[in-house]
Structures are given as C-alpha cells and as structure tokens.
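J.: Below is a structure I'd like to ask you about.
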Amino acid sequence: MVMSENDIQPDDVRSLREAALFFGVTAKTMSDWIRLQGCPVVKGGQPGVAYEVSLRQVAAWRDGLEAEAKAKEEAKAEADAQLKMELLGTGALIDGDASGRPVSARDKKAWVEAEIARARLAEMRRELVPVEEIRAALVEAMGQLRNGLLALPDRIGEKLGLEEADIALIAEEIRASLSDLADQVEAMEGDLSPAEVAHAAE
C-alpha cells in the first residue's frame, strides 16, 4: 500500500534494508510484509524502483495487526468459554478448564454473564422464582395455617362438648407442632428472618 505524500514525514523514510534493521527483522520479512500483508510503502514495487517505507507508518501498521490479532484471540477465548459451558456444564469455568489449567478472568466474566442471562430467561419463563416471592408466600401460608389450627380446639371442644382442660391440652399440642414446623422451615430456608419465622409460628 503506497502512502500519499501528506502521510509521509521525510525524517523517517528508510530503505527496506534499513527498516528491517530498525524493526529487528530480516529484509525478507520486510518484503513479505509489503507483498503479502499490506505493509504501507512510500514508493517501490515497480521494476527497477527500490522500496522505501515510513518507519512511523510501518510501526502504526504493526500495532494495528497486533490489536486485530488480540481481538480475534479474545473473541475466540470467549466463544470457547461459552461452548465449554454448553458441553461441560456451568461449573466447568469456576476453577479450571478440562486440563486443570486456571481459567482467565475474562472466561470467568463470560461465565458469570451467561449465568445472569440464563437466570433472567428462566425468571421470565417462571422457571425461576425470586426468593422474595417464595418468602412472602411461605410466610402467608404459615400464617393462614397457624390461624386455622389455633381455631380448631375451640371448634372441636364446642362440637364434642369437651372440658376446658381438654381444649387447652389440644391447643398446647397444636402450638408445639407449629413451633416444630417453624423450626423446620427456618432450617430449610435460611433467608427467612427470625421475625418472619416468629410471626408465622406465633
């Protein structure tokens, strides 16, 4: 690629061999850059005309190639991370890859983002219910159960003509059962606050 005169600064124009020495490569490598990879030149390429290049332009061209190669490598790594999650499961990227090598921060970030997207989709489909909804429904259900059970002794006592002592005994047993139930719920659902559990068990 031949550069326009406006892009050239005369102080950095060099022959192909001088440029090769400057960048620490061989003259053949410089020639390959120009002929095969599009390295910019000031002039040359015609029969009998030697190549001349701008060192600044060649440096910028090389930086562009390196940036492009890095972007492709990162894109491939991200695609591989996504594929690994699909084939090996969501835990595959936590500690290391299939060979036991540590997973990069970028791969872990890709895994987290994929998990968030998957969770949001599951929530939209109602396959995943927010814990707040479960907590509220559980507390409400336990409250209704508590109220219904605590009303039983009086209703049963009235229908069966039970003595006050018998009614009190039934009520005591129901309260004990409700307390045990609240303890089990608290053990299963650690997110329930003590106040909510106490309210449901009262």
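J.: Provide the FRET efficiency to the nearest 0.05 for the Arg135-Ala60 pair, computing r from the beta carbons and using R0 = 45 Å.
T.: Working: r = 59 Å, r/R0 = 1.31.
Efficiency, rounded to the nearest 0.05: 0.15.
J.: Let me ask something else. Report relative contact order for segment 17-73 in percent, whole number only (criteria: Cα-Cα under 8 Å, sequence separation at least 6).
T.: Working: 38 pairs, mean separation 11.8, N = 57.
Once divided by the residue count of segment 17-73, the mean separation gives 21 percent.
J.: Could I have the simple spin-label model distance between Leu181 and Glu68, label points 7 Å from Cα toward Cβ, reported in nm to one decimal?
T.: Between Leu181 and Glu68, the simple spin-label model gives 7.0 nm.
J.: What's the long-distance tail for segment 5-65, i.e. % of Cα pairs beyond 18 Å?
T.: On the way: 434 of 1830 pairs.
Of the Cα pairs, 24 percent sit more than 18 Å apart.
J.: Run the reach check for Lys108 against lysines, Cα to Cα strictly under 26 Å, same-chain hits fewer than 8 apart removed. What comes back?
T.: Hits, sequence-local ones excluded: Lys70, Lys72, Lys76, Lys84.
J.: What's the extension gain from Ile116 to Ser15 if we count 0.36 nm per residue and subtract their Cα-Cα distance? Spell out each step's value before the answer.
T.: Values: separation 101, 0.36 × 101 = 36.36 nm, distance 5.53 nm.
Contour length minus Cα-Cα distance gives 30.8 nm.
Throughout, read-outs are computed from the coordinates displayed, never taken from laboratory work. What you see is a predicted model; the values in this text were computed from it and never measured. Cβ: placed from backbone, ideal geometry, glycine included. Neighbour counts: every protein chain shown.
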